[in-house]
Amino acid sequence: MKGIAYGVGVGPGDPELMTLKAVRLIRENDVIAVPSKNPTEATAYKIAAGAVPEIAEKTLLPINFLMVKDRALIDEEHKKGAKLIEEYLDQGKNVVFITLGDSTIYCTFGYLQHYLEADGYEVKLVPGIPSFCAAASALNISLTEWDEPLHVLPAAHKTNDKLDLPGTYVLMKSASFMKEVKETLRASGRDVQCVENATMENQNIYRSVDEIPDDSGYFSLIIAKEHK
């Protein structure tokens with residue numbers, strides 16, 4: 001029998017926000033895949049270790065993800081990562097891939113899932129609290145009310161979006177293009193707030209576009225609501 005590959009969301013940062021199921025799967029399985037060359041330095045690992053200290057006794061499988069634009073190189077690295085996981089699945093061992101936030105929203109594991117399923121392996125996704133829900137909670141606001149739609153955009157790829165649809169916008173992955181994103185936000189006329197490192201010890205909150213630093217950290221998430 002082949003093992004099962006689990007994509008497990010560990011939530012946004014605070015270990016107390018991990019689900020009981022995520023904690024159980026980490027405890028019950030011996031192989032934990034981590035999206036980093038150095039697993040113990042990865043944010044997802046540190047979050048999980050806060051709730052499941054015994055993760056330190058597990059077999060840690062580093063999965064490398066290239067931060068480049070060359071799709072051919074990226075795909076090749078994804079194939080390598082899938083093959084590393086398959087080596088353990090072929091031994092009948094389950095592999096728990098831990099990932100920040102939720103396992104279905106801009107999740108690195110999704111790329112590996114395509115290759116694993118194409119090769120005939122069983123994959124199961126386990127949800128976690130998404131970063132934008134954690135950010136809204138940190139701001140003590142609701143994301144949507146009544147019939148308002150919610151638009152979730154990867155800001156790094158949508159810097160020219162006019163943000164002119166009704167409802168609330170969530171801009172993820174903003175940090176590397178923050179200066180351009182801020183200009184778009186100013187032009188939109190929306191009420192803007194930003195949370196950096198939501199629920200983590202070094203969390204920062206910015207209540208306007210002008211407060212957001214151009215060099216804000218990687219885990220910066222923006223919520224832009226219609227002005228009322």
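What follows is calculated from the coordinates using simple rules that are stated; it is not laboratory data. No experiment lies behind these values; they were computed from the predicted model shown. Methodologically, a virtual Cβ is constructed for each residue, glycine included, from the backbone with ideal geometry; neighbour enumeration extends over all protein chains shown.
Pop the C-beta distance of residue 65 and residue 28 into the FRET formula with R0 = 30 Å and round what comes out to the nearest 0.05.
0.70
Choose one of 114, 29, 99: the residue whose Cα lies farthest towards the positive end of the charge dipole of the stretch 4-126 (beta-carbon charges +1 Lys, Arg; -1 Asp, Glu; about the Cα centre).
99
Please give the Cα centre distance for the stretch 144-191 versus the stretch 26-99, rounded to the nearest Å.
Distance between centres, Cα-based: 31 Å.
Can you give the FRET efficiency to the nearest 0.05 for residue 1 and residue 152, using r as the Cβ-Cβ distance and R₀ = 30 Å?
0.20
Give, rounded to the nearest 20 debye, the magnitude of the charge dipole that the stretch 4-126 has about its Cα centre when Lys and Arg contribute +1 at Cβ and Asp and Glu contribute -1 at Cβ.
That gives the stretch 4-126 a dipole magnitude of about 140 debye.
How much FRET efficiency would the formula 1/(1 + (r/R0)^6) give for residue 176 and residue 226, where r is the Cβ-Cβ distance and R0 is 30 Å, rounded to 0.05?
0.70
Add +1 for every Lys or Arg and -1 for every Asp or Glu among the other residues with Cβ under 13 Å from the Cβ of residue 123, and state the total.
Summing Lys/Arg as +1 and Asp/Glu as -1 gives -2.
Could you give P(r) for the chain, binned at 10 Å from zero, as whole percent values over all Cα-Cα pairs?
Histogram of Cα-Cα distances, whole percents per bin: 8, 31, 32, 21, 8, 1.
Need one word for the stretch 131-225: rounded, prolate or oblate. Basis is the Cα gyration tensor (sqrt eigenvalues a ≥ b ≥ c); a/c below 1.5 gives rounded, then a/b vs b/c decides.
Here the stretch 131-225 falls in the oblate category.
Net charge near residue 190, counting Lys/Arg +1 and Asp/Glu -1 over other residues with Cβ under 10 Å of its Cβ?
Overall, the nearby charge balance is -1.
If each of residue 201 and residue 49 carries a label point 7 Å out from its Cα toward its Cβ, how far apart are those two points in nm?
About 1.2 nm, to one decimal.
Hey, got the dipole for the stretch 79-200? About the Cα centre, +1 on K and R Cβ, -1 on D and E Cβ, debye to the nearest 20?
420
Under the rule of -39500 (n - 2.57) per DSSP H run of 4 or more residues, summed and divided by the residues of the chain, what mean residue ellipticity at 222 nm is obtained, to the nearest 500 deg cm²/dmol?
-9000 deg cm²/dmol
Would you grab the residues whose amide H sits under 5 Å from the one on residue 124? Only those 5+ places off in sequence or on another chain, please, with H modelled 1.01 Å from N.
Under 5 Å from the amide H of residue 124 lie the amide H atoms of 5, 6, 7, each far enough along the sequence or on another chain.
Ordered by residue, what ³J(HN,Hα) values in Hz, to whole numbers, does the stretch 58-64 give under the Karplus form 6.51 cos²θ - 1.76 cosθ + 1.60, where θ = phi - 60° and Gly and Pro are x?
7, 7, 9, 10, x, 10, 8
For a quick protection proxy, order the peptides 141-150, 89-98 by their average other-Cβ count within 10 Å, most packed first.
89-98, 141-150
For the stretch 4-126, what is one quarter of the convex hull surface built on the Cα atoms, given in nm²?
Its average projected convex-hull area is 6.8 nm².
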